[in-house]
Amino acid sequence: MQHFSYVGSGPYCYANSFAMMFGEAAPSTAIIELATGSPFGMQLVGGTLPFFDPYGWDPEAGFDGALQALGWTSQVSSGGDAEDALSRLRSALKDSPVWVGPVEMGHLRHQPGMTGPIEADHYVVVLAVDETRVLMHDPQGYPYASLPLVDFMTAWGAETLSYGDPYTMRWGFSRVADVTEVEAIRASVPAAIHWLSMTTDRLVPVGSLGNADAAEALAAQIEENCDKNLRAHLVHFAVRVGARRAGDAASCLARAGLSKSAAIAGEQARLIGALQYPLVLRRDAEAAESLRLLAPTYDRLLTALQNGE
């Protein structure tokens, strides 16, 4: 089956927030997501929590490489206490909106059903702050969302997240090179090879697995006991974003003339996307079979990219 690009909604807060900060010069979100390295691998964090992104990767790991590949720079700050962070935010907002995250999504109470921490990371673009409220573009589907300042600061503290520093923000986005989208794709290939190779000096939880081992282990886990938390994580987030990432990678790699790599990424997108229906319907043996078919594709994609195919 030939790959056909997807356009639509989905949990793409990272790339969508980037695109807002880039403004009129923004490349497509597919290019942005590819440049972060996120499509190139799979991980089972701690041996139990699956993500269709590289072993040892998190959004912060992909930020600087994406900016470099796309021809941009920005300023960044994090840490300190809430008062200092709010002061930094107010100062940066005098010049432009500010990219903020990770934040704890469960404290973003403008989103229906959010009443407290759910250990889910998110990114937003803050537009303004007054004495009591924050105005933001929330790429989850809430433009010009307003949130009480106390809830925003709690979310921004990121105490319940597994990565990132509290009160991280990025501003002063500046374009330093005129990079075409195809040039950005080609500039991202070395990072893709790096992530698929699973050679990382980043700390990973004990028991974590990557790529084929992660897919095989998740298949066994689903067959043995796909509890409600794992199922919810997969069907509401991991499968949706994983299939889209792989599909975007296929589209981008094809544009750069890497037809074999694109075909493999397209196959990955279809296999990941095929997990949604059986997981929702609790047909777990079917989901496990798709994961076992997915397992060998990571080594195949690595080889194809290394060979420039």
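Restricting to Cα pairs below 8 Å that are 6+ residues apart, what does the relative contact order work out to for the chain? Please round to a whole percent.
Numbers: 595 pairs, mean separation 74.8, N = 309.
It comes to 24 percent, rounded to a whole number.
For region 246-263, take each phi angle, set θ = phi - 60°, evaluate the Karplus expression 6.51 cos²θ - 1.76 cosθ + 1.60, and give the result in whole Hz per residue in order, putting x for glycine and proline.
Rounded to whole hertz, the list is 5, x, 5, 4, 4, 4, 5, 4, 5, 4, 8, x, 8, 5, 5, 4, 4, 5.
Leaving ligands, DNA and RNA out of it, report the carbon-plus-sulfur percent of the accessible area of the chain at a 1.4 Å probe. Mind showing how you got there, number by number?
On the way: 7200 of 13800 Å².
The C+S portion of the solvent-accessible surface of the chain is 52 percent.
Just to check I understand the Karplus step: with θ = phi - 60° and J = 6.51 cos²θ - 1.76 cosθ + 1.60, what whole-Hz values come out for region 59-66, glycine and proline as x?
Each residue of region 59-66 in turn: x, 5, 5, x, 5, 5, x, 5 Hz.
In Å², and per residue, what accessible area does region 61-102 have when probed at 1.4 Å with the other protein chains present?
On the way: 1890 Å² over 42 residues.
Value returned for region 61-102: 45 Å² of accessible area per residue.
Where a ≥ b ≥ c are the square roots of the eigenvalues of the C-alpha gyration tensor, would you call region 263-308 rounded, which needs a/c under 1.5, or, failing that, prolate if a/b is larger than b/c, or oblate? Mind dumping the intermediate values first?
Values: a/c = 5.52, a/b = 2.67, b/c = 2.07.
Verdict is prolate for region 263-308.
Can you give the helix-only mean residue ellipticity at 222 nm for the chain, where every DSSP H stretch with n ≥ 4 adds -39500 (n - 2.57) and the sum goes over all residues, rounded to the nearest 500 deg cm²/dmol? Before the final figure, lay out each step's value.
Details: 13 runs with 145 residues, N = 309.
Computed mean residue ellipticity for the chain: -14500 deg cm²/dmol.
I need the shape label for region 1-144. Rule: rounded when a/c is under 1.5, else prolate if a/b > b/c, else oblate, with a, b, c from the alpha carbon gyration tensor. Walk me through the intermediate numbers first.
On the way: a/c = 1.58, a/b = 1.34, b/c = 1.18.
Since a/c reaches 1.5 and a/b is larger than b/c, the shape of region 1-144 is classed as prolate.
How much accessible area per residue does region 161-257 have, counting only protein heavy atoms and a probe of 1.4 Å, in square angstrom?
On the way: 4650 Å² over 97 residues.
Here the residues of region 161-257 average 48 Å² of exposed surface.
Highest GNM mean-square fluctuation, the chain, Cα pairs closer than 10 Å: which of 125, 76, 206?
Its mean-square fluctuation being the largest, the pick is 206.
What is the extension gain from residue 227 to residue 144, computed as 0.36 nm multiplied by their sequence separation minus the C-alpha to C-alpha distance, in nm to one decimal? Provide the component values of the computation, followed by the final result.
Values: separation 83, 0.36 × 83 = 29.88 nm, distance 3.63 nm.
Taking residue 227 through residue 144 to full extension adds about 26.3 nm, to one decimal.
Once you have a ≥ b ≥ c as the square roots of the Cα gyration tensor eigenvalues for region 118-179, tell me rounded if a/c is under 1.5, and otherwise prolate or oblate according to whether a/b is larger than b/c.
Values: a/c = 1.82, a/b = 1.28, b/c = 1.43.
Verdict is oblate for region 118-179.
Run through region 131-216 and list the GluC sites (Glu not before Pro) located in a DSSP loop whose Cβ has at most 16 other Cβ atoms within 10 Å. Could the numbers behind the result be given before it?
On the way: sites: 131, 159, 181, 183, 216; in loops: 131, 159.
Passing sites in region 131-216 are 131, 159.
Find how many whole Å separate the alpha carbon centroid of region 41-100 from the alpha carbon centroid of region 164-230.
After rounding, the separation between the Cα centres reads 13 Å.
Convert each backbone phi in region 217-230 into a coupling constant with the Karplus relation 6.51 cos²θ - 1.76 cosθ + 1.60 (shift: θ = phi - 60°), then list the ³J(HN,Hα) values in order as whole Hz, x for Gly and Pro.
5, 5, 4, 5, 5, 5, 5, 6, 6, 8, 6, 5, 5, 5
I want to verify a result. In a Gaussian network model of the chain, Cα cutoff 10 Å, which of these has the top mean-square fluctuation: 121, 81, 213?
81
Take the chain, connect every pair of alpha-carbon atoms lying under 10 Å apart with a spring to form a Gaussian network, then pick out the residue of 291, 218, 49 with the largest mean-square fluctuation.
Fluctuation is largest for 49.
Which residues' amide hydrogens lie under 5 Å from the amide hydrogen of residue 168, considering only partners 5 or more residues apart or on another chain, with H built in the peptide plane?
HN-HN under 5 Å from residue 168: 79, 101.
The values are calculated or read from the model by the stated rules, or taken from the named source; none is laboratory data. Note that the coordinates shown come from a computational prediction; the quantities given were computed from them, not determined experimentally. A quick note on method: Cβ atoms are made from the backbone with ideal geometry, for glycine too, and the neighbour counts reach across all protein chains shown. Side chains included, ligands, DNA and RNA excluded: accessible areas come from the protein's heavy atoms. Shrake-Rupley method; radii C 1.70, N 1.55, O 1.52, S 1.80 Å.
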